[in-house]
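Peer 1: I'd like to ask you about the structure that follows.
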Amino acid sequence: MRIARCVLDSEPFYGVVQGEPGHETVAVIKGDPFFNGVEPTGVTHPLEDVRLLAPIIPRSKVVGIGRNYADHAKEMGNDLPTEPSMFLVANTAVVGPGDPVVLPEWTEEVSYEGELCVVIGRICKDVPAEKARDVIFGFTVGNDLTARDKQRTDLQWARAKSFDTSKPLGPWIETDLDVEDLRLSTKVNGEVRQDGSTADMVFGVNELVAAVSAAFTLLPGDVIMTGTPAGVGLVKEGDRVEIEIEGLGVLSNPVVRR
């Protein structure tokens, strides 16, 4: 089931996206599916008539995972971690599909990172890996945009990883998906820059949920970004970044500087 967060005539709502590509509709549901479940209202809209928002604004946090693909760790000159490497991201960094990524004036080196993202469905702590799917609401696509120059010079990664608009998510949350081996590709202006598979993650989704929940209490709507394959590179004003994950759809965002 594809759960989207949308707006129509200035009214936000959640809905279930149905239908084949090019002919999708959004069936409006009552309230917030993280707390009310999925209850249809009987109202539907053509997908093209609504604006998709970030499918979730995390209640408390986004947790990023670094160096979780061997080829990416190698291209960045880093060793593989022996346990998941975590960093926190402010929820104010999250934007949705189609929203502009605004390059800050204080950085000249912002790069894209296409990632599979895990959306948590209920409050949890110390989740065993074999029980991880019990606490997962679903999955979405993310772009972990990073100010590389500040990542190198700052003691912590907060500014490099959490600047406003640096974490696009979307286009929706898929609640029923096997994520063990999904193709992940990133295009910049139509040119393929990343082409990998979630099968190449050093730590899989279940291991990450176990490790992250051991460190932090997770709340409904929290997001875990699971890392990126090789092929990261810089973006500039005027670029468009498109990240596609098999079974999840395409997350597309323009890059601007203001």
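Peer 1: Taking the criterion of being part of a strand (DSSP E or B) and either among the β-branched types (Val, Ile, Thr) or closer than 22 Å to Glu244 by Cα (or both), would at least one residue in the stretch 120-132 satisfy it? Write out each step before concluding.
Peer 2: In the first step, residues of the stretch 120-132 are kept if they are part of a strand (DSSP E or B); the result is 120, 124.
With the extra rule that they be either among the β-branched types (Val, Ile, Thr) or closer than 22 Å to Glu244 by Cα (or both), the set shrinks to 120.
Taking every residue of the stretch 120-132 in turn, at least one turns out to be part of a strand (DSSP E or B) and either among the β-branched types (Val, Ile, Thr) or closer than 22 Å to Glu244 by Cα (or both).
Peer 1: Return the only residue of Leu80, Leu88 being assigned to a strand (DSSP E or B), within 25 Å of Ser213 (Cβ to Cβ) and among the aliphatic types (A, V, I, L, M).
Peer 2: Going through Leu80, Leu88 in turn, just one is assigned to a strand (DSSP E or B), within 25 Å of Ser213 (Cβ to Cβ) and among the aliphatic types (A, V, I, L, M): Leu88.
Peer 1: Within the stretch 12-22, is even one residue outside the structural domain of Lys161 (by TED's automatic domain parsing), over 24 Å from Leu177 (Cα atoms), more than 15 Å from the chain's Cα centre (by Cα) and not in a helix (DSSP H, G or I)?
Peer 2: Within the stretch 12-22, one or more residues are outside the structural domain of Lys161 (by TED's automatic domain parsing), over 24 Å from Leu177 (Cα atoms), more than 15 Å from the chain's Cα centre (by Cα) and not in a helix (DSSP H, G or I).
Peer 1: Got at least one residue in the stretch 181-195 being acidic (Asp, Glu), within 21 Å of Val63 (Cα to Cα) and not in a strand (DSSP E or B)?
Peer 2: Scanning the stretch 181-195, I find no residue that is acidic (Asp, Glu), within 21 Å of Val63 (Cα to Cα) and not in a strand (DSSP E or B), so the answer is no.
Peer 1: Please determine, by comparing only the residues of the stretch 70-92 that are within 20 Å of the chain's Cα centre (by Cα) and among the polar types (S, T, N, Q), which one is surrounded by the fewest Cβ atoms within 10 Å (Cβ to Cβ).
Peer 2: Result: Thr92.
Peer 1: Sticking with this structure for a sec: Working only within the stretch 95-115, note down all residues that are in a strand (DSSP E or B) and in contact with a Pro (Cβ under 7 Å, 6 or more places away or on another chain).
Peer 2: Val95, Val101
The values are calculated or read from the model by the stated rules, or taken from the named source; none is laboratory data. What you see is a predicted model, and the numbers here were worked out from it, not measured in a lab. FYI the Cβ positions are ideal-geometry reconstructions off the backbone, even for glycines, and counts take in every protein chain you see.
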